[in-house]
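Shown next, in structure tokens, is the structure this report addresses.
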Protein chains: 2
Amino acid sequence: MTHIPLTNTFHTFSGALNANTDLLPASCGEEMTRGFLQELVDILLGFICKSNQRSSKVLDFHHPHQLKEGLEGFSLDLPDQPETLEQLLVDCRDTLKYGVSTGHPRFFNQLSSGLDVIGVAGEWLTSTANTNMFTYEVSPVFLLIEEVLLKKMRSIVGWADDEGDGLFCPGGTISNLYSILLARYHFYPEVKTRGMGALPRLAMFTSEHSHYSVKKSAAVLGIGTENVVVGLVPFYVNATAGTTVYGAFDPLNAIADICHSHTLWMHVDAAWGGGLLMSDRHRMKLQGIERACSVTWNPHKMMGVPLQCSAILVKKRGLLQECNKLGAQYLFQMDKPYDVSYDTGDKSIQCGRHVDVFKLWLMWKAKGSDGFGSQVNKCLENAEYLYDQLQKRTEFELPEHSNVCFWYIPPSLRSLPPGSDRDRRLHQVAPRIKGRMMEKGSVLIGYQPLGTKVNFFRCVFSNPATQQEDIDFLLDEICKLGADL
Amino acid sequence: MTHIPLTNTFHTFSGALNANTDLLPASCGEEMTRGFLQELVDILLGFICKSNQRSSKVLDFHHPHQLKEGLEGFSLDLPDQPETLEQLLVDCRDTLKYGVSTGHPRFFNQLSSGLDVIGVAGEWLTSTANTNMFTYEVSPVFLLIEEVLLKKMRSIVGWADDEGDGLFCPGGTISNLYSILLARYHFYPEVKTRGMGALPRLAMFTSEHSHYSVKKSAAVLGIGTENVVVGLVPFYVNATAGTTVYGAFDPLNAIADICHSHTLWMHVDAAWGGGLLMSDRHRMKLQGIERACSVTWNPHKMMGVPLQCSAILVKKRGLLQECNKLGAQYLFQMDKPYDVSYDTGDKSIQCGRHVDVFKLWLMWKAKGSDGFGSQVNKCLENAEYLYDQLQKRTEFELPEHSNVCFWYIPPSLRSLPPGSDRDRRLHQVAPRIKGRMMEKGSVLIGYQPLGTKVNFFRCVFSNPATQQEDIDFLLDEICKLGADL
């Protein structure tokens, strides 16, 4: 197949074209609309292709003040008068130019990475359809797609066919917040009307390495961060399947046993690890997840779905509705001419809700369950390859119990004995290498301290574009950038 | 300018093309990626153009069970094996076909409507950039765009240059939730660690017609819905600028006086009405908004920005950070090689946060502040025109104090005296007309009961595509569909 380059008819007309007068819904705006969007698509296609070229930079870094001052005519200011369509296209080009290529094979910085073409296609369609998840009347197809996806995900988790409920929501933190909200309501339904003042002092359990969203939700919900972990009346246990830094898994069956004998709500935060459920080879890491009362699972992480795509799955049917409904009749009329149980608006703590499901559905169609499984396997093979390389090379050290986190030890530190002096100096290595990396734009990887461990790199694999050569490049680049530290 | 139709080179090759093997990041996937996305864009352009044709249907309604059974080969099921790229394009076409054209000039159903081409372009770019709002290192341009937009919006609200803070968040309900969360923290910072158990029984005030999100947030935050409105220790007043049904405005200055003398947090829910701030002619309806402690403003409503686009503005600088930060060092490192005050992740109750700002920024560039003002004025002119027409025509009645809500009175009811019998029958008129409307797909408008008033239509104007002829069409269509009731 050959690509036919777009003819530049648009440019020749665009001296002072104006979005308000020349694009749809203006009469006769159709041709100009097609021309403008085609130009944009050419820019976007260029960006997508460039993101996949290893020779291109991962980012073209500038400090905030540099971008704010305006670079080569790129101004962030909001004008009183319209800009021309031509200028808007330049703005689009500049926005991508000064941004970060999260789809680049050498972008390792976040749990979400990669640029799935089908996922992008799904998002383009979603934004063109421009509708809202609250009622069937404005989102018939998307609501059914959500139902199909949630049902599939619940069956993958291991719940029975007629069990469970769920929602897609804006990110894993909100999914986790739902789990606590529902657990609290499940044990103390009076909290909805009477508030926390009517309840005993509650406590929640979670591990040290669990995501901060558990504590943050405790603050938001009026439980208080102090009441996470310690004594009092326990009602909720968060088990993490794939911690943020180490990618570690809590023992789900053991936790489920305890929750069962003490009648506690068991939530599994599988925001990151949920993707492993798609893999026959790796899903045993989540054994016991089927015993959870609720599960957070973010397809936008290990499954490579474009942001945002995060689900909360709930085993007890009807609880989402009971807990969150306010029965606002003026929005959710019961006398509508269709089965209004498909109106999910009152189950949510939001009102309007973005369509996050279509891209996942389209990707599922494109890959099949089997294809998703292979993709996840590939991510884990990359992690294993990195681990092997790190073991082989003397410039690196690994924190215990981890296969994706590591220190680079510069030559000047290699002969130092372990101790606080070495730690103090090692702590500065990762930030300095990262700074050089960002300036150079060759690769991007995250770092952090954790507990008593000084700053170390964390390498995350969720990008299907990443190959072994990129991992080799990463290690070589770190050595190159850190040799003089 | 002439539109060059896409050549169908893609089709001739697409017998069994597979997303996993033939698109990027597969090697040699570039041409096929361009071809596939071009095909998709052709489908999307077709949808955009059709949405703007009055002769096309607003929706092609099917009941849930019909869509689930599969229509002419449109299957929602998730396969184990990949579908071909060809089939995925058919799926995309079908998804749009069975959906709702929220951009159609005769879609009056929701506060958010219209399909702004520049906004769509902004969303296409956003999803292609596929990044996250939590740190400057992965979202440099988008975070600065957010800063520029929030600053502009605060200055339009009327706050001083160095005053205020804010965030874009997933919808107006979450924006309103933030306002209560911040107010509670402002007066009782110990709530964050110790929970509601450490506080006196709090009360919040809001009006009967305010959005249900105020009550819902009270439930989520552990305050309890019973504690909205009544006695106890008041700390928070919600004033609505543009109620959901009537579009009514609370007297902001009078409420500000009371809040000032009792040291209460004043929040203005201007999710719907905030757009009027852009209009010199109408912004006086929000006089006093500059005295608020926090403001919810959804550009995705009256300003016609694609979903979702909602801001919470906060007058007190630093409060968002203080209230929500957990200082998760492993995510928000302080030793990064740039000014980390641009990392907004710890201000938010989310962790990852979708990029909702670029489309608004691009639209602002495209229209200028003046253009947004004219667009808002046009919406209000449409409302005035509808009001005039309703006054002139005997088939309609209006609830008091409203210029966009109305009953259609079928011939059989016109001679009936006011009273419960007439009310009972009138209550069924709007749902039945709506049902016929949905079947026919000619126009879409919402209805609801409110207080003692039986079901009435609510006509909302936020769609710049809507002209007077569409309003005439709406009224004629209602008369036609309801004549025999």
Relative contact order, percent, region A:363-482 [alpha-carbon distance under 8 Å, six or more residues apart]: 28
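Above 19 Å lies some portion of the pair distances; for region B:228-368, what is it as a whole percent of all C-alpha pairs? Walk me through the intermediate numbers first.
Details: 6071 of 9870 pairs.
When all Cα pairs of region B:228-368 are counted, 62 percent exceed 19 Å.
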Dipole-positive endmost among A:LEU89, A:ASN132, A:MET204 within chain A (Cβ charges, Cα centre): A:MET204
Region B:62-192: radius of gyration and largest Cα-Cα distance (Dmax), Å: 21.4, 60
Point-to-point label distance, B:SER415-B:HIS65, nm (Cα→Cβ direction, 7 Å offset): 4.1
Shielding by other protein chains, B:71-79, mean Cβ within 10 Å: 4
Net length gained if the chain between B:TYR387 and B:ASP162 were fully extended (0.36 nm per residue, minus Cα distance): 76.8 nm
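Would you order A:LEU326, B:LEU37 from fewest to most other beta-carbon atoms within 10 Å of each residue's own beta-carbon? Walk me through the numbers before you get to the answer.
Details: A:LEU326 16, B:LEU37 23.
Ranked by crowding around the Cβ, least crowded first: A:LEU326, B:LEU37.
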B:CYS479 versus A:SER56: modelled label distance in nm, points set 7 Å from Cα along the beta carbon direction: 5.8
Dimensions (Å) - chain B, Cα atoms, principal axes, largest first: 76, 72, 44
Within region A:36-69, backbone nitrogen closer than 13 Å to the virtual label 7 Å beyond the Cα of B:CYS49 toward Cβ: A:36-38
Computed P(r) (all Cα pairs; region A:132-354; 5 Å bins; percent): 1, 7, 15, 20, 20, 16, 11, 7, 3, 1, 0
Nm distances between copies for A:GLU163, ranked from closest, using label points 7 Å along Cα→Cβ: 5.5
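Which ordering of A:ASP80, A:ASP116, A:ASP91 is given by a fewest-first count of other beta-carbon atoms within 10 Å?
On the way: A:ASP80 12, A:ASP116 28, A:ASP91 22.
Ranked by crowding around the Cβ, least crowded first: A:ASP80, A:ASP91, A:ASP116.
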Charge dipole of the protein assembly as shown about the Cα centre (unit charges at C-beta), most positive-ward option of B:PHE61, A:ASN253, B:GLY247: A:ASN253
Within 10 Å of each Cβ in A:98-110, the average number of Cβ atoms from other chains: 4
In nm, spacing of pseudo-spin labels at A:ALA16 and A:GLU439 (7 Å Cα→C-beta vector): 4.6
Label point 7 Å beyond Cα of B:GLN329 along Cβ direction - residues of region A:181-217 with amide nitrogen under 16 Å: A:208-210, A:212
Across the identical copies, how the A:VAL229 labels are spaced - nm, sorted shortest first, 7 Å along Cα→Cβ: 4.2
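Starting from the Cα-Cα distance between A:ALA198 and A:ARG281, subtract it from 0.36 nm times their residue separation and give me the gain in nm to one decimal. Each step should come with its number before you reach the end.
Values: separation 83, 0.36 × 83 = 29.88 nm, distance 4.75 nm.
Stretched out fully, the A:ALA198 to A:ARG281 stretch lengthens by 25.1 nm.
Other chains' Cβ within 10 Å of B:425-435 residues: what's the mean? Walk me through the intermediate numbers first.
Details: counts 0, 0, 1, 1, 0, 2, 5, 2, 1, 5, 4.
Mean partner shielding for this stretch: 2.
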Dipole of the protein assembly as shown, positive direction: furthest Cα of A:VAL237, A:VAL355, B:LEU143, with charges on the beta-carbon: A:VAL237
Which listed pairs, of A:LYS359/B:LYS301; A:LYS192/A:LYS301; A:LYS216/B:LYS365, have C-alpha distances above 29 Å, in listed order: A:LYS192/A:LYS301; A:LYS216/B:LYS365
Residue exposure sequence - B:ASP335, A:ASP339 - by fewest surrounding Cβ within 10 Å: A:ASP339, B:ASP335
Alpha-carbon centroids, region A:90-129 and region A:39-79: separation in whole Å: 12
Length added when fully stretched, A:VAL340-A:LEU232, from 0.36 nm per residue minus Cα-Cα: 34.7 nm
Inter-part distance where region B:142-218 and region A:282-326 are each reduced to a Cα centre, Å: 28
Net charge, A:GLU123 excluded, C-beta distance under 11 Å - Lys, Arg +1, Asp, Glu -1: -2
P(r) histogram, all alpha-carbon pairs of the protein assembly as shown included - 10 Å bins from 0, percent: 2, 12, 21, 26, 22, 12, 4, 1, 0, 0
Dipole in debye (nearest 20) - chain A, about Cα centre, beta carbon charges: Lys, Arg +1; Asp, Glu -1: 1440
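Normalized C-alpha radius of gyration of region B:307-451, against 2.2 N^0.38 Å?
Relative to the 2.2 N^0.38 Å estimate, region B:307-451 comes out at 1.71.
A short reminder: the numbers here are calculations on the coordinates, not readings from a lab. Here the structure is a predicted model, which means the values were calculated and not measured. Cβ atoms come from the backbone with ideal geometry, glycine included; neighbour counts cover every protein chain shown.
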